[in-house]
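Just below is one structure, and these are the notes that go with it.
The values are calculated or read from the model by the stated rules, or taken from the named source; none is laboratory data. The shown structure was predicted, so the numbers you read here are calculated from the model rather than taken from an experiment. Reconstructed Cβ throughout: ideal geometry from the backbone, glycine too, with neighbour counts over all protein chains shown. Surface accessibility is based on the protein's heavy atoms, side chains included, excluding ligands, DNA and RNA. Shrake-Rupley method; radii C 1.70, N 1.55, O 1.52, S 1.80 Å.
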Amino acid sequence: MADLRNNFVGIKSPNPFWLASAPPTDKAYNVERAFKAGWGGVVWKTLGSEGPPVVNVNGPRYGAIWGADRRLLGLNNIELITDRPLQVNLQEMKQVKMNWPDRALIASIMVPCVEEEWKAILPLVEETGADGIELNFGCPHGMSERGMGAAVGQVPEYIEMVVRWCKQYTRMPVITKLTPNITDIRRPARAAKAGGTDAVSLINTINSIVSVDLDTFAPSPTVDGKGTHGGYCGPAVKPIALNMVAEIARDPETYGLPISGIGGVTTWRDAAEFLALGAGNVQVCTAAMTYGFKIVQEMITGLSDWMDSKGHKTLDDISGRAVPNVTDWKYLNLNYISKAHIDQDACIKCGRCHIACEDTSHQAITDMVNGVRQFEVKEEECVGCNLCVNVCPVENCITMVPLAAGTIDQRTGKPVDPNYANWTTHPNNPTAVQAAE
Amino acid sequence: MGRLSPGITSGRLSDADYEANFADLHPRLDKHEALVASDRCYFCHDAPCMTACPTSIDIPMFIRQISTGNAIGAAHTIFDQNILGGMCARVCPTETLCEQACVRNTAEHRPVEIGRLQRYATDVAIEQNVQFYERAAPTGKSVAVVGAGPAGLAAAHRLAMHGHAVTVFEAKEKSGGLNEYGIATYKATDNIAQREVDYVLSIGGITVKHGQKLGRDFSLADLAARHDAVFLGIGLAGVNGLNVEGENLSGCTDAVEFIEGLRQAKNKADVAIGRSVVVLGGGMTAIDAAVQAKLLGAEEVTIAYRRGKENMNASPFEQDLAASKGVTIRHWLQPKRVLGDGSKVTGIELEYTALTSAGLAGTGETVTLRADQVLKAIGQSFEADGLGGLEIKGGRVVIDAEGRTSMPKVWAGGDCVKLGEDLTVTSVAQGRDAAMSIHRALA
């Protein structure tokens, strides 16, 4: 059995699956249920300053997009940070941590960008026995209009400043949660590191309007005829999150900075991908909000079974393993050539590969062979783009097969060059450098 | 009166039983079910289902329209190719047409429910009476259509669409042909056949004259003289005879007649049925008759077919349906003699058959089944008067690829031209295509 125990910046949990700061971690009732279901940790829903709590809208807070069979693919929300009194949250956090000493309990915090505010709240949080804090610099709606959340996360100087305060006023590990609503995710990550953060977590939700009600001509979720942009999350955002995690993981300036991966983790496979791209653990929200807390059991068993099958014993065996394989386009091997191959036994003859290739790509797949409906790759036209693989409804029916060095590429008529060669040295590149002899 | 009353009698069941037995075989999908079902369509390129449809409905397109919440648009797509798409959705043997071709069968052995999705969309449009077609400006041309069945209606609609004045001559009291008179009751509930006729005729420019029989009230030559073109969709009016002893005993009748009587009966409790019923034949009519005999309360119903299961024209789905209703299907048996007490049927003697080098032959061995009713479903035959010199071959009107007959100005389609196929949907395709040929000829 693989060892799933997780040690993230000194915070220990029995598995790497934490619930992200969000409605599922709003209060003791939910968190107790989550721990009973098996979650390794929770990031408690974001706390604000002492005083009258924020208020939420009393109409719909969520919108969604769906795939086939109304499978939820993307969720957006306009809910704010906790709308419960600070003291109630702190008391409950303390009790829950006492009840579940082996689980990670992190406090998410968002207070105004004023040193005194941070100085005031940190001791209160520390007193609960929380294992660490997460700075909410990501919330893209509502709070950002008040100069908090993403309004801070979009200004690296502010990030560095606040992180520095936190490191100064608490002994707890500091995790800086980043907003994806910026141009280059490396800048805020570098700023967090400069401020002394112990880790970053990302991504927070993405600015979004999920849909427009075509009867009322208002964005949804619609509150009394109006809508506003909300934070987008769920399976649809995973690719964006993976890229941003990888960007930080491979940035020489932040290399080695612990990362808690967030964004569309729905299955063990998603989690393993985040870990491979450099995350030390993952945080989950939408999957739990869609299916309930029990899904963590699929994630735990799936990750464990996969690790067993591959001989990975601990999370360290997989964390960051894909990072060296993330590179810039210009370093990709232009002499690598692959061709689509269609398994005729698996093919159901829907023809989508053909029409996708014919209409939108390289006219490299037949729809008829000797008068019979048959889909075959025309190697002399195939550029190996992989579109057919992506549109095929049958898994592994179409695969990309690399051409061995020396074989003739039917498209170019030239033999496959065994040597690695990329754009930086390509003759068509006006700025090409001479390959070293 | 009662369930086990001997002889042919009505009221074997309670009112509730009749109602349940003759309810919709496949209730219409509701919107949620339709969305779930439509999600399974892959939107294939050059979709095999579409190729398999005799009317070439753009099935991936209409299913995609359903999936995006546009049932009305889906109906439009269907009606563009098949104006009788509502009835076809109910009576098409989809399992041997579009659904057999569905690529989902290859990997999952479970096709997209194309027939039920088609019914969903067409029902919505017919119920809301959304009309998609307007008549073109009148052309001043007049076309006679003989027969208001699927072929005739499809032709009439397409001709009206192009601005021709259409007069339909129908021998029976109602339009619809076999949709109205020849389809099992549980496949055409809520008077759908007539509602569909009304929907089709709403385009305008079509006059239907009922009680007008070819050969009795007019001849083909009359029509050709009075109109610019004639379309014959006269179906098969005759039924094949058994030609065995006892055929004329009381209780030995045509299945077509039985099905028609049942369809037209306001109250199914009034329809008499035997306690023991034997149905002769192996096609859809045999199944429709046998299943409905059972649903009317017959204690035992047996289909006797002279060849094997694989030779039956009734689809496997229909055979299974019959079995599920308690009908016994026996193969390799041909009628030898209908037995009676001098006036009424009491049983039937059947002879076993086998394939020999000379073809199907009786083996000499016989079996006798008790029966107080024998229903003959051994095929319909071409029977028409007043056709003049129209070329008939093998009991069918001869046509070319466009539906033109041997006589100038005369086209034909539907069961009266077909050999070996008796599908509503092919009749619709032939009526529609003949109408286009007529339109081109009149241009």
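Which value in nm describes the separation of the simple spin-label points at A:C385 and A:N325, placed 7 Å from the Cα toward the beta carbon? Taking the simple label geometry, A:C385 and A:N325 are separated by 2.5 nm. Using a Gaussian network model on chain B with a 10 Å cutoff between Cα atoms, which of B:T77, B:T356, B:T424 fluctuates the most? Of B:T77, B:T356, B:T424, the Gaussian network model singles out B:T356 as fluctuating most. If you wrap the Cα atoms of the range A:135-286 in a convex hull and average its projected area over all directions, you get 9.7 nm².
Using the average count of surrounding beta-carbon atoms within 10 Å as a protection proxy, the listed peptides B:113-124, A:228-239, A:48-59, B:198-209 rank, highest first, as B:113-124, A:228-239, B:198-209, A:48-59.
What full-extension length gain, to one decimal in nm, is calculated for A:K313 and A:R61 as 0.36 nm per residue of separation minus the Cα-Cα distance? Could you put the intermediate results ahead of the total?
On the way: separation 252, 0.36 × 252 = 90.72 nm, distance 4.19 nm.
Contour length minus Cα-Cα distance gives 86.5 nm.
Once the partner protein chains are put back, the range A:38-77 shows a loss of at least 50 square angstrom of accessible area, versus the chain by itself, at A:D69 (probe 1.4 Å, ligands and nucleic acids excluded).
Inter-chain Cβ neighbour count for A:351-358, averaged per residue, equals 3 (cutoff 10 Å, partner chain atoms only).
Can you tell me which of A:396-407, B:229-240 comes out highest on packing, and rank the rest after it, using the mean Cβ neighbours within 10 Å?
B:229-240, A:396-407
The Cα atoms of the range A:81-223 cover 51, 34, 28 Å along the three principal axes, with the biggest extent listed first. Here each label is just a point 7 Å from Cα along the line to Cβ, and for B:E349 and B:F132 those points are 5.8 nm apart.
Counting 0.36 nm for each residue step from B:A441 to B:R330 and taking away their Cα separation leaves a gain of 34.9 nm.
Here A:N335 and B:H109 are evaluated by their C-beta separation; at R0 = 60 Å the FRET efficiency comes out at 0.85. Solvent-accessible area of the range B:240-379 (1.4 angstrom probe, protein heavy atoms only): carbon and sulfur portion equals 44 percent. Taking the average, over residues, of other Cβ atoms within 10 Å as the packing measure, peptides B:375-385, A:246-256 rank B:375-385, A:246-256 from highest down. Rounded to the nearest 20, the size of the Cβ-charge dipole of the range B:240-379 about its Cα centre is 160 debye, with Lys and Arg at +1 and Asp and Glu at -1. When chain B is treated as a Gaussian network with alpha carbon springs shorter than 10 Å, the biggest mean-square fluctuation among B:S219, B:S343, B:S38 belongs to B:S343. Taking every residue in B:36-48 and counting other chain Cβ atoms within 10 Å of its Cβ, the average works out to 5. Pairs of Cα atoms nearer than 8 Å and 6+ residues apart set the relative contact order; for the range B:31-127 it is 33 percent. Centroid-to-centroid, using Cα positions, the range B:234-287 and the range B:66-110 are 31 Å apart.
Name the aspartates and glutamates eligible as straight-distance cross-link partners of A:K310: C-alpha to C-alpha under 15 Å, and not fewer than 8 places from it in the same chain. Of all the aspartates and glutamates, those that pass the test against A:K310 - Cα under 15 Å, at least 8 places apart if same chain - are A:D3, A:E273. About the centre of its Cα atoms, chain B shows a dipole size close to 300 debye [charges on the beta carbon of Lys, Arg (+1) and Asp, Glu (-1) only; nearest 20 debye].
Based on the alpha-carbon gyration tensor of the range B:240-379 and its eigenvalue square roots a ≥ b ≥ c, which shape applies: rounded if a/c is under 1.5, prolate if not and a/b is larger than b/c, or oblate?
oblate
In Å², nearest 100, what accessible area do chains A and B bury in total when the solvent probe is 1.4 Å?
For A against B, buried area totals roughly 1000 Å².
For a modelled paramagnetic label at B:S202, 7 Å from Cα along Cα-to-Cβ, the residues of the range B:81-106 in reach, with backbone nitrogen under 20 Å, are B:81-90. In the protein assembly as shown, inverting the average of 1/r over every pair of distinct C-alpha atoms gives 33.3 Å as the Kirkwood radius.
Cysteines in chain A lacking any other cysteine Cβ under 4.7 Å from their own Cβ: A:C113, A:C139, A:C166, A:C233, A:C285, A:C347, A:C357, A:C382, A:C385, A:C392, A:C397. Ranking B:Y120, B:T77, B:C92 by Cα position along the charge dipole of the range B:31-127, where only Lys, Arg, Asp and Glu carry charges on their C-beta atoms, puts B:Y120 farthest toward the positive end.
Return, ordered by residue number, the residues of the range A:345-387 whose backbone nitrogen is under 12 Å from a label point located 7 Å along Cα→Cβ of A:N396. Correct set: A:346. The distance between label points at A:S211 and B:K209 comes to 5.5 nm (points 7 Å beyond Cα on the Cα→Cβ vector).
Look at the stretch A:337-350: the mean tally of other chain Cβ atoms within 10 Å of its residues' Cβ atoms is 3. Per-residue extension of 0.36 nm, minus the Cα-Cα distance of A:V223 and A:Y420, leaves a gain of 65.2 nm for this segment. For the pair A:E157 and A:L124, a Förster radius of 25 Å applied to the C-beta separation gives a FRET efficiency near 0.40, rounded to the nearest 0.05. Looking at chain A alone, DSSP beta bridges between its own residues are antiparallel in about 50 percent of cases.
All other residues whose Cβ lies under 11 angstrom from that of A:I318 are scored, Lys and Arg at +1 and Asp and Glu at -1, for a net of 0. Interface burial in the range A:370-399, defined as at least 50 Å² less accessible area with all protein chains than with the chain alone at a 1.4 Å probe, covers A:R373.
Sorted largest first by accessible area at a 1.4 angstrom probe radius, with every protein chain in place, the residues A:M368, A:M299 fall in the order A:M368, A:M299.
Take the Cβ atoms of A:Q410 and B:D30, set R0 to 56 Å, and the FRET efficiency comes out at 0.60.
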